[in-house]
Amino acid sequence: MPKLMLDGFTVIDFSHVVAGPHCTKILAEHGAEVIKIEPLTGDLSRMLPVHREGRSGYFIQHNIGKKTMAMDLAKPEAQAICHELIRQADIVVENFSPGVMQRHNLDWDTLEKINPNLIMCSISCFGQEGPLAHLPGYDWIGQSYAGILDLMGEPDGSPVFGGMALGDVSTGTHAYAAIVTALLHRLRGGSGQHIDISLLEVLFSYHEMNAQVYTSSGGEMVAKRAGSKHDMISPAGIYPCKDRYLFILAVNHQWEALVKLMGREDMLDDPRYMDLATRGANKKEVNAIIEKWLDGFDNADHALKALQQKRIPCAPILSIPEVIELSHVKQRGTLRTINDPIFGEVKIPRTPLRFSAFPEPPELIAGTLGQYNHQVLSERLGYSAQDIDKLEKSGVIISKNI
């Protein structure tokens, strides 16, 4: 079997919950040896559902392929172990609030002296510097500060948020990209370096037009909550159609195809709908025409088929169970099965990164708390059984079958 693409690289992972663990999961899935350092109580995600036999499906999803260790980083003996591991490593990933790593003698200034070739990636809500850097933050805190949640919801209602880790997962993916870029730089003769990734900045970059439009218009054009339809582009949004909702987007030649499909060729010569700008300014009229047309179908499937035949971008708004049962998802294996020896089968999203030379991700499992304490300490650092026993009895390390 060929080696995986990141085989030979070692990662020391101090991260927890989602953003950092998602980054290191991708590294593990492509062959890197990831040693995950947890506190004695375990990663917080071990407490999240679903649980079987004391094991968390949530933890398994985000930590497959990692060698788990558990230690009290407040103790000098644990810090010494980490320093020894980092001396041999290529990458360190952490997502504590700024200052936590420094309090445990694991900050960049300390680690670069131990390993000048080290690539260290720090993930946080606000970044390592700035007036907000000291504050704790999670995904939705980053979305709030980045102007994401302000655009979610009905125009005259409260902002709303979605039940998914949009910011954490995307920030973890950006961190992965930054790490691989830094590795390429190092392989070309460059040095190690510290990478500073913040949820706020990743999420702010998702404004593909909102920031530019505001600044370029001198503040005249401000993106606002628009509910189920786009604030500036039309048609673009969610439309009711009998038994479900559809998303329809028609720009450029797709607008002409939609107008002809609706039997409204007169709109092609109407100055109110001549281009994106005029259609956006008259979006209420455009949306009303589309909704009336959709109302003429017996069901949403017939409307979808008509739109898709004309190659007009559209989609049904699917629930999670519907996505899982979608034939396209099944054929591509978008949902993969992890066979955990304690939990049993766990179905999780497959990595979206697909490579022709490595078409399938490796079979991986997630470690129990401190499962690899003995192996890593003895094989990597040469600790004796007596040394390890002493660390356990003094509360420096711990292992539990969870």
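Assorted remarks:
- Hey, Asp156 at pLDDT 95 or above and open to solvent by 60 Å² or more (accessible area, probe 1.4 Å) or not: no
- Residue within region 231-245 that is in contact (Cβ under 8 Å) with a residue 12 or more places away in the chain and within 30 Å of Leu132 (Cβ to Cβ) present: yes
- Considering region 347-359, and only residues there that are out of contact with any Lys or Arg (no Cβ under 9 Å at 6 or more places or on another chain) and touching a residue at least 24 places away in the same chain (Cβ under 8 Å), the residue that is farthest from Tyr176 (Cα to Cα) turns out to be Ala357.
- Qualifying residue in region 38-58 (condition: among the β-branched types (Val, Ile, Thr), open to solvent by less than 50 Å² (accessible area, probe 1.4 Å) and not in a helix (DSSP H, G or I)): no
- Condition check for Ile114: open to solvent by less than 30 Å² (accessible area, probe 1.4 Å), closer than 21 Å to Ala182 by Cα and β-branched (Val, Ile, Thr): no
- Per-region count, region 117-147, residues in contact with a Cys (Cβ under 9 Å, 6 or more places away or on another chain) and open to solvent by 20 Å² or more (accessible area, probe 1.4 Å): 7
- Criterion applied to Leu183, Leu187 was being open to solvent by 50 Å² or more (accessible area, probe 1.4 Å) and either touching a Ser or Thr at 6+ places or on another chain (Cβ under 8 Å) or at pLDDT 95 or above (or both), and the one residue passing it is Leu187.
- Of all residues making up region 61-83, the number that are of a type in the set (Asp, Glu) and touching a His at 6+ places or on another chain (Cβ under 9 Å): 0
- Test: residue in region 194-210 that is farther than 26 Å from Gly142 by Cβ and of a type in the set (Gly, Ala, Ser): no
- Tally, over region 364-379, of residues that are over 24 Å from Ile348 (Cα atoms), open to solvent by 60 Å² or more (accessible area, probe 1.4 Å) and touching a Ser or Thr at 6+ places or on another chain (Cβ under 9 Å): 1
- Test: residue in region 56-75 that is over 20 Å from Gly172 (Cα atoms) and out of contact with any helix residue (DSSP H, G or I) (no Cβ under 8 Å at 6 or more places or on another chain): yes
- Cβ pairs under 7 Å, 6+ apart, first in region 319-344 and hydroxyl-bearing (Ser, Thr, Tyr), second open to solvent by 100 Å² or more (accessible area, probe 1.4 Å) and outside any helix (DSSP H, G or I): Thr337/Glu345; Thr337/Lys347
- Selection of first residues in region 149-167 that are within 18 Å of Leu48 (Cβ to Cβ) and free of Cβ contacts under 8 Å to residues at least 40 places away in the same chain and of second residues that are open to solvent by less than 80 Å² (accessible area, probe 1.4 Å) and among the acidic types (Asp, Glu), restricted to Cβ pairs under 8 Å at least 6 apart or on distinct chains, gives the following pairs, ordered by first then second residue: Leu166/Asp139.
- Counted residues, region 159-180 - those being buried (at least 21 other Cβ atoms within 10 Å of the Cβ) and in contact with a Gly (Cβ under 7 Å, 6 or more places away or on another chain): 2
- The set of residues in region 334-352 that are open to solvent by less than 30 Å² (accessible area, probe 1.4 Å) and out of contact with any Leu (no Cβ under 9 Å at 6 or more places or on another chain) comprises Arg336, Asp340, Phe343, Gly344, Val346, Thr351.
- Restricted to region 221-317, the set of helices (runs of 4 or more DSSP H) holding at least 1 residues that are open to solvent by 60 Å² or more (accessible area, probe 1.4 Å) and among the polar types (S, T, N, Q) comprises 300-309.
- Residues (among the aliphatic types (A, V, I, L, M) and either on the phi > 0 side of the Ramachandran plot or in contact with a Ser or Thr (Cβ under 6 Å, 6 or more places away or on another chain) (or both)) located in region 215-268: Ile238
The values are calculated or read from the model by the stated rules, or taken from the named source; none is laboratory data. Quantities reported herein were computed from a predicted structural model and do not represent experimental measurements. Because the Cβ atoms are built from the backbone with ideal geometry, glycine has one as well, and the counts that use them run over all protein chains shown. The accessibility values were calculated without ligands, DNA or RNA, using every heavy atom of the protein model including side chains. Shrake-Rupley method; radii C 1.70, N 1.55, O 1.52, S 1.80 Å.
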